[in-house]
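The values are calculated or read from the model by the stated rules, or taken from the named source; none is laboratory data. This one's a predicted model, so the numbers in the text were calculated from it and none came from an experiment. Cβ placement follows ideal geometry from the backbone for every residue including glycine, while neighbour counts extend to all protein chains displayed. What goes into the accessible areas is simple: the full protein's heavy atoms, side chains included, and nothing from ligands, DNA or RNA. Shrake-Rupley method; radii C 1.70, N 1.55, O 1.52, S 1.80 Å.
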Amino acid sequence: MAALTTIDLPSLQKMASGKVRDLFSLPDDPDTLLFVASDRLSAFDVVMTNGIPNKGAILTLISAHWFRLLPERIPGLRTHFISLDVPAGVGPAEACAIRNRSMQVRKLEVLKIEAIVRGYITGSAWKEYQAKGTVHGLAMPEGMQLGQKFPEAIYTPSTKADAGAHDENIHPRDAWREIGDKETADKVEGLALAIYDAAAAYAEERGIIIADTKFEFARDWEGNIYLADEVLTPDSSRFWPKDGYELGKEQDSFDKQYVRNWLIREGLEAKEGVAIPEDIVQATSDKYKDAFYKLTGKTFEAAAAPS
């Protein structure tokens with residue numbers, strides 16, 4: 001099956017298009033939006049010219065799994081997720097194209113913060129620690145090794161940059177400046193840490209270490225906070241196999257770090273117009289499907305089959 005990298009739904013109005021997802025309005029329901037995940041893949045803030053077949057469906061079904069599970073484990077947690085149903089009025093061909101890769105969600109005000117939680121030191125956190133002994137300006141214990149678990153998960157937010165710009169790491173105490181008020185910023189931090197702890201425990205029971213992850217939040221007109229966008233997918237998280245974890249080295253992963261590593265090896269980091277070779281495409285697809293199976297207990301093919 002070819003990767004779906006362009007999504008056009010003539011029956012609906014497209015409101016926005018991101019690196020991976022397109023957002024559509026529903027004419028008969030002004031309080032609901034339709035998120036559709038393409039098979040596009042971005043790395044180092046650049047979208048590759050080809051995609052990963054079924055990636056959008058895998059991300060959507062994993063997110064839906066978490067949106068259903070997390071409120072059971074975190075009392076009072078609100079999410080923007082409504083259903084995976086294809087909206088009424090969408091034509092048969094369009095419905096076939098977006099089935100399993102679309103979700104209906106509440107229309108909310110998205111908060112301009114990337115709520116990143118780290119359970120293990122790796123990536124940009126490791127680079128900062130090596131240079132300064134800190135992570136997002138937070139002092140860390142001496143002598144930490146690559147891939148080491150933090151004594152407890154840490155909240156390390158970044159800015160949510162506009163299209164074409166890059167996110168910037170910020171100190172947690174400065175997050176309120178991006179959101180607008182300290183009370184909301186404190187709620188977001190508390191929710192992000194609680195969600196990570198619950199998800200990390202669930203995933204570890206199933207053989208996956210969630211090294212770090214990025215959450216997005218939104219609020220309604222009453223000020224209630226909702227978990228939004230995608231959640232705990234191989235695109236928004238670093239997933240490591242628990243049985244292969246080894247302190248002090250780069251870990252194998254179930255996520256797009258595999259593509260990042262290939263780009264770095266080939267000297268293509270942050271380059272425009274890059275096509276991923278077929279062997280990397282297939283290996284990445286296999287890793288995403290493996291993560292899906294471990295987290296949900298179902299193969300992707302079984303979960304995506306018509307009911």
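Descriptive notes on the structure:
- Residue that is nearest to A43 (Cα to Cα), among those in region 259-289 that are part of a helix (DSSP H, G or I) and charged (D, E, K, R): R260
- Some residue of region 106-120 being of a type in the set (A, V, I, L, M, F, W, C), assigned to a loop (DSSP other than H, G, I, E, B) and more than 21 Å from D31 (Cβ to Cβ): no
- You will find that of G91, G56, the residue that is under 29 Å from Y293 (Cβ atoms) and open to solvent by less than 50 Å² (accessible area, probe 1.4 Å) is G56 and no other.
- Filtered residue count, region 270-304, keeping only those that are within 27 Å of K127 (Cβ to Cβ) and at pLDDT 90 or above: 11
- Hey, D252 under 25 Å from R68 (Cβ atoms) and in contact with a strand residue (DSSP E or B) (Cβ under 9 Å, 6 or more places away or on another chain) or not: no
- Checking E152, E168 one by one, the residue that is under 18 Å from the mean Cα position of the chain (by Cα) and among the acidic types (D, E) is E168 and no other.
- The listed residue being more than 19 Å from A2 (Cβ to Cβ), in contact with a Ser or Thr (Cβ under 7 Å, 6 or more places away or on another chain) and open to solvent by less than 30 Å² (accessible area, probe 1.4 Å), out of F24, F67, F35: F67
- Some residue of region 197-204 being closer than 16 Å to L77 by Cα, in contact with a strand residue (DSSP E or B) (Cβ under 7 Å, 6 or more places away or on another chain) and not hydroxyl-bearing (S, T, Y): yes
- The set of residues from region 175-211 being in a strand (DSSP E or B) and of a type in the set (D, E) is empty.
- Counting the residues of region 254-284 that are open to solvent by 40 Å² or more (accessible area, probe 1.4 Å), in contact (Cβ under 8 Å) with a residue 40 or more places away in the chain and under 21 Å from R238 (Cα atoms) gives 3.
- Residues that are under 26 Å from W126 (Cβ atoms) and either buried (at least 18 other Cβ atoms within 10 Å of the Cβ) or touching a residue at least 60 places away in the same chain (Cβ under 8 Å) (or both), drawn from region 173-184: A175, E178
- Here is the figure for region 291-303: residues that are within 21 Å of S237 (Cβ to Cβ) and either in a helix (DSSP H, G or I) or under 18 Å from the mean Cα position of the chain (by Cα) (or both) total 8.
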